[in-house]
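Novice: Got a structure here, written out as structure tokens. Questions coming.
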4 protein chains.
Amino acid sequence: MVNHVLSLKVKHPVAVGSIRFDQEHFPLIVGPCSLESNKQVDHILATLNDLNIHLMRGGIWKLRTNPSSFQGLGTDALPLIESIKRAGLFLVSEVTDPRHIEFLLPHVSVFQVGARNMYNYYLLKELAQTGKPVLLKRSFAATVDEWLKAANYLLNGPCNHVILCERGIRTFEHGTRFTLDLNGALLAKAQSGLPVIVDPSHAIGLREFVPNLALAVAASGLDGLIMEVHPEPDQALSDGRQSMTLQQLQELVPQLDMVLNISGRKRC
Amino acid sequence: MVNHVLSLKVKHPVAVGSIRFDQEHFPLIVGPCSLESNKQVDHILATLNDLNIHLMRGGIWKLRTNPSSFQGLGTDALPLIESIKRAGLFLVSEVTDPRHIEFLLPHVSVFQVGARNMYNYYLLKELAQTGKPVLLKRSFAATVDEWLKAANYLLNGPCNHVILCERGIRTFEHGTRFTLDLNGALLAKAQSGLPVIVDPSHAIGLREFVPNLALAVAASGLDGLIMEVHPEPDQALSDGRQSMTLQQLQELVPQLDMVLNISGRKRC
Amino acid sequence: MVNHVLSLKVKHPVAVGSIRFDQEHFPLIVGPCSLESNKQVDHILATLNDLNIHLMRGGIWKLRTNPSSFQGLGTDALPLIESIKRAGLFLVSEVTDPRHIEFLLPHVSVFQVGARNMYNYYLLKELAQTGKPVLLKRSFAATVDEWLKAANYLLNGPCNHVILCERGIRTFEHGTRFTLDLNGALLAKAQSGLPVIVDPSHAIGLREFVPNLALAVAASGLDGLIMEVHPEPDQALSDGRQSMTLQQLQELVPQLDMVLNISGRKRC
Amino acid sequence: MVNHVLSLKVKHPVAVGSIRFDQEHFPLIVGPCSLESNKQVDHILATLNDLNIHLMRGGIWKLRTNPSSFQGLGTDALPLIESIKRAGLFLVSEVTDPRHIEFLLPHVSVFQVGARNMYNYYLLKELAQTGKPVLLKRSFAATVDEWLKAANYLLNGPCNHVILCERGIRTFEHGTRFTLDLNGALLAKAQSGLPVIVDPSHAIGLREFVPNLALAVAASGLDGLIMEVHPEPDQALSDGRQSMTLQQLQELVPQLDMVLNISGRKRC
């Protein structure tokens, strides 16, 4: 039996330590929207450790629509970053300004380019020089074609360390925060051969539906997930409405494993 | 373990003969875009029979963007309709004009309202009088709120025989025919309690990705699929690009069964 | 001096009595969303007469999103229709169901196809047989290409009696009801040579901005306006928020005349 | 007679030398997409001088979708910048990277923030410190609400030197490059009291329609225009398809003056 899920091939796998974004593996990147406090980070680290999750997301500088919203801890996040590294996890964090690259370089394992910076080609050119893997989120207004062209700014030379991330596009439907574009994610994978993961948290903006989307992504033949969690989502300094509780995560992971097992893939 | 997939409940199940659109079942509706010929219909019927699929789609009158395109067989489809009934399948077919209801009434088991007629409230009011189940496709321009309000035109009185169908919305992304809105489908189910199925064929418009979307829908906790197939898609008189081959269907169904099994649901 | 405004030519002019939709004229079609009462109609007729406006819009059957909203007077509107005719005005009214054509035929001078029926090709084919001019609104989800193809359903044979009407498209911006697409209206005129008018009332949905858009349309080189007015907009049974007061109309018309005068066109 | 066009007030006027963005004036900002050569710049300067236009646009660093496209002259544009200043014109130029501010500060009269940087809040915060006026383009994916919140990043403290610029939003319609959103521009003006100008060149992407849109904007009650011109558009290194010829500009300006005259405004 030909497995249609597997007929979409990852041709340019990406490695982060022992974790692989390739055709056989399905990494989870999990963590809070923003790094906030020792207590928050320790609580999440304990859960990720239990669930055998090795990649942690966590925002240090944030781009917030409202100038009076919390803008991230910035360099004050250093002790929290050190905790994450001590726990043996790989940090995935967003770079919002080219002048932050130097600070972040020794600490992050994957640079994240957020949706609102996908068109920031000066930033992309600079990240291409670091040699680190980059998680390139699709702008919520970008066509697949523009997304792949932005990836080309990172792929100059022999480097293939790019992970694409679909996180919802902006459409007329405002009942959910954005519209997850699974179609576009599949097309991007087929056209580029790059690993394509999905951020269901931003894509729908409502934590109660994040597990449904996560399971859909696992069944669809795409390559991983990045998801927001928080020990107390309603107290989160940013994006609380879309952050899963740690209990939701604990219930979701075994179901993901079962779905991945059908197509012979393994979570990592 | 609480199963998040099952936390979205179908509160208003719909029965078509022995087939049930409810929380435990996941019906497949499969067939050609348009009924074309004896040979085409017999070939598809044989495959559906092998796969234990009981609901067949098939267009009789078509709404085509281009006035010179094939507009459906109309009443000339009668012998083909009789074949389908003789084979014991239930026919799901679109009604595009209120004056066709009388002809269709004895032949179809489910009236389909196409995306371009969702706002045709005069048609909806009339269908509500027939007492038959209606598959109400979401207009590609409709908000979830408008879609549910259109369903209310059908649900006047005690009738709950409505199946909602997400078939892709129109967005700025033109790399695929439409954009499948899984978010909107989940929201519609949560807000209405009606069964919500998905049409991946129209939603993406490219047959090679239809199995990926179908598996995603099965894992997401939604309630069924309507899909286009054709024995020779490249010769189809309409929608050939998005019609799966019968072989694709044969390979897909066992994978769907495995995904459904995880959440304790059964295809029917 | 070449006048760029005039470089977009109407190649297929339409006549309604003595009123012409062509390169030299700029007709106004003004009236209520729905015909409601003698008092309402008489009040509007007096104002239109004062302003030398000869085409009146007025809904008889309405397509309303909410099943419990006012659905139009239907055949009870007959006495109001007679008043309009006695006053010497031409009625432009929407046909929402092919079975209403027979009733409307002796009363309307222009059949209006509303945005939600642009894809209702069975209705279009039937209207093409009546020989009357048709005002074809663009679906809020239609590309210009689909709009022109729908016009082709009306233009079979030698008939050229089609007026196109842009009335706003659906986009991610929900601060206004729809998004007026002047670009699309200009493109449709250039590609088809048909007269293209604009409905600023539906396009923005907020009466305070309707005059701004109306003046913009007059300056842009397009071919006319259809606008909603009501003697007491806040008491209107439908679309009150976007209906101008009669005073707004009285203030707007002389400004329109001045703008039209610059390019040598005349209101009619 | 109450003039509806004037009922939308500019409450926070902006001055650039003797040029004023306020309720009585309507500045034009005209120039090439990118500064390319002495010959190009001199040719344009001569035309602007003839037409009494005092603000010139001209890109120095460009954000290009395709990594192999022309990326702007960068600091090599210095001699061209000096020519513009010697000719007595004010330069409006885009800043794409916060590290370019220092270079640009002595040369530009207005910093332009392009559509793809509207969400770049780190850049906005820094520009707010320079004290210079900023032309803030709306992202093609931004709601009016987000656009005004981005303006708030610039308006911290007593500064009101912000000019908003609508340049087209991304919608499903791809027959034109973007969709000019006049509705959104009017709403932004009404809600903020800031001057709102329009860029018809980017909004439609087709030079033959730019004059139509420019006249519409002048009639609509908005506050100015920024437009691309090129002596030989088909040889332009960027955006040639949407750049007007100098002859088109010469024909357009007197028509703009006539339209503005109706509402008692003056071009400057």
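The values are calculated or read from the model by the stated rules, or taken from the named source; none is laboratory data. Computed from a predicted model, the values in this text were never measured in an experiment. In this analysis, Cβ positions are derived from the backbone assuming ideal geometry, glycine residues included, and neighbour counts consider all displayed protein chains.
Novice: Could you please find all residues in segment C:226-253 being under 15 Å from the mean Cα position of the chain (by Cα) and without any contact (Cβ under 8 Å) to a residue 60 or more places away in the chain?
Specialist: C:Met244
Novice: So for segment D:229-238 (the condition being surrounded by 24 or more Cβ atoms within 10 Å (Cβ to Cβ), acidic (Asp, Glu) and touching a Lys or Arg at 6+ places or on another chain (Cβ under 9 Å)), does at least one residue qualify?
Specialist: No; the residues of segment D:229-238 include none that is surrounded by 24 or more Cβ atoms within 10 Å (Cβ to Cβ), acidic (Asp, Glu) and touching a Lys or Arg at 6+ places or on another chain (Cβ under 9 Å).
Novice: Sticking with this structure for a sec: Tell me yes or no: at least one residue of segment C:69-82 is on the phi > 0 side of the Ramachandran plot and not in a loop (DSSP other than H, G, I, E, B).
Specialist: yes
Novice: A follow-up question, please. Would you mind stating whether C:Glu36 is among the acidic types (Asp, Glu), over 26 Å from B:Arg116 (Cβ atoms) and in a loop (DSSP other than H, G, I, E, B)?
Specialist: So C:Glu36 passes the test.
Novice: Being facing another protein chain (nearest Cβ under 9 Å) and within 22 Å of A:Leu260 (Cβ to Cβ) is the filter here; which residues of segment A:164-183 pass it?
Specialist: Correct list: A:Leu180, A:Asp181, A:Leu182, A:Asn183.
Novice: Please count how many residues of segment D:186-210 are of a type outside the set (Ser, Thr, Tyr) and over 15 Å from the mean Cα position of the chain (by Cα).
Specialist: Matching residues across segment D:186-210 total 11.
Novice: Hey, any hits in segment A:20-35 for a residue that's surrounded by fewer than 19 Cβ atoms within 10 Å (Cβ to Cβ) and more than 27 Å from A:Val144 (Cβ to Cβ)?
Specialist: no
Novice: Ok, one more. In this structure, is A:Leu252 outside any loop (DSSP other than H, G, I, E, B) and either away from every other protein chain (no Cβ under 13 Å) or touching a Gly at 6+ places or on another chain (Cβ under 7 Å) (or both)?
Specialist: Considered against the rule, which asks whether it is outside any loop (DSSP other than H, G, I, E, B) and either away from every other protein chain (no Cβ under 13 Å) or touching a Gly at 6+ places or on another chain (Cβ under 7 Å) (or both), A:Leu252 comes out as no.
Novice: Another one. For a quick check of your reading of the model, give me the residue pairs whose first member lies in segment B:104-127 and is more than 13 Å from chain C (Cβ to nearest Cβ), whose second is of a type in the set (D, E, K, R) and assigned to a helix (DSSP H, G or I), with beta-carbon atoms closer than 9 Å and at least 6 apart or on different chains.
Specialist: Here the result reads B:His107/B:Glu82; B:His107/B:Lys85, each pair linking segment B:104-127 to a residue that is of a type in the set (D, E, K, R) and assigned to a helix (DSSP H, G or I).
Novice: Only one of (1) more than 9 Å from chain C (Cβ to nearest Cβ); (2) of a type in the set (Asp, Glu); (3) free of Cβ contacts under 8 Å to residues at least 24 places away in the same chain fails for D:Glu208. Which number is that?
Specialist: (1)
Novice: From the residues in segment C:223-248 that are assigned to a helix (DSSP H, G or I) and in contact with a Leu (Cβ under 7 Å, 6 or more places away or on another chain), which one is farthest from the other protein chains (Cβ to nearest Cβ)?
Specialist: C:Arg241
Quick grid of which residues meet (1) surrounded by fewer than 24 Cβ atoms within 10 Å (Cβ to Cβ); (2) part of a loop (DSSP other than H, G, I, E, B):
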residue: C:Tyr122; (1), (2): yes, no
residue: C:Lys125; (1), (2): yes, no
residue: C:Gly131; (1), (2): yes, yes
residue: C:Leu135; (1), (2): no, no
residue: C:Ser139; (1), (2): no, yes
residue: C:Ala150; (1), (2): no, no
residue: C:Asn160; (1), (2): yes, yes
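Novice: Those residues that are part of a helix (DSSP H, G or I), under 23 Å from A:Leu8 (Cα atoms) and out of contact with any Ser or Thr (no Cβ under 9 Å at 6 or more places or on another chain), I need them from segment A:177-213; list them, please.
Specialist: Within segment A:177-213, A:Ala188, A:Lys189, A:Ala190, A:Gln191, A:Ser192, A:Pro200 qualify.
Novice: Ok, one more. Considering only residues that are modelled with pLDDT under 95 and under 17 Å from A:His161 (Cβ atoms), which ones fall in segment A:18-57?
Specialist: Residues satisfying the conditions are A:Ser18, A:Gln23.
Novice: Just the residues that are of a type in the set (S, T, N, Q) and more than 17 Å from C:Ala218 (Cα to Cα), please, taken from segment D:243-268.
Specialist: D:Ser243, D:Thr245, D:Gln247, D:Gln248, D:Gln250
Novice: If D:Met118 satisfies all but one of (1) out of contact with any Lys or Arg (no Cβ under 7 Å at 6 or more places or on another chain); (2) of a type outside the set (Phe, Trp, Tyr); (3) at pLDDT 95 or above, what's the number of the condition it fails?
Specialist: (1)
Novice: Determine whether D:Arg167 is of a type in the set (Lys, Arg) and over 15 Å from the mean Cα position of the chain (by Cα).
Specialist: No.
Novice: Restricting to segment C:184-205, name every residue that is in contact (Cβ under 8 Å) with a residue 40 or more places away in the chain and within 9 Å of another protein chain (Cβ to nearest Cβ).
Specialist: If the condition is that a residue be in contact (Cβ under 8 Å) with a residue 40 or more places away in the chain and within 9 Å of another protein chain (Cβ to nearest Cβ), then C:Gly184, C:Leu186, C:Leu187, C:Ala188, C:Ala190, C:Gln191 are the ones that fit.
So that you can scan it fast, the table gives a plain yes or no per residue for (1) modelled with pLDDT of 95 or more; (2) farther than 30 Å from A:Phe103 by Cβ:
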residue: A:Ala128; (1), (2): no, no
residue: A:Lys137; (1), (2): yes, no
residue: A:Val144; (1), (2): yes, yes
residue: A:Ala150; (1), (2): yes, no
residue: A:Cys159; (1), (2): no, no
residue: A:Gly175; (1), (2): yes, yes
residue: A:Leu180; (1), (2): yes, yes
residue: A:Leu186; (1), (2): yes, yes
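Novice: If I filter segment C:81-88 for residues that are over 19 Å from the mean Cα position of the chain (by Cα), farther than 29 Å from C:Val217 by Cα and within 14 Å of another protein chain (Cβ to nearest Cβ), do I get at least one hit?
Specialist: The answer is no, given that none of the residues of segment C:81-88 is over 19 Å from the mean Cα position of the chain (by Cα), farther than 29 Å from C:Val217 by Cα and within 14 Å of another protein chain (Cβ to nearest Cβ).
Novice: Looking only at segment D:56-79, which residues are in contact with a strand residue (DSSP E or B) (Cβ under 9 Å, 6 or more places away or on another chain) and of a type in the set (Val, Ile, Thr)?
Specialist: The one that is in contact with a strand residue (DSSP E or B) (Cβ under 9 Å, 6 or more places away or on another chain) and of a type in the set (Val, Ile, Thr): D:Ile60.
Novice: Here is a further query. Quickly run through segment C:89-101 and pick out the residues that are more than 14 Å from every other protein chain (Cβ to nearest Cβ) and either of a type in the set (Val, Ile, Thr) or at positive phi (or both).
Specialist: The one that is more than 14 Å from every other protein chain (Cβ to nearest Cβ) and either of a type in the set (Val, Ile, Thr) or at positive phi (or both): C:Val92.
Novice: Which of the residues belonging to segment B:85-99 are out of contact with any strand residue (DSSP E or B) (no Cβ under 8 Å at 6 or more places or on another chain) and basic (Lys, Arg)?
Specialist: B:Arg86, B:Arg99
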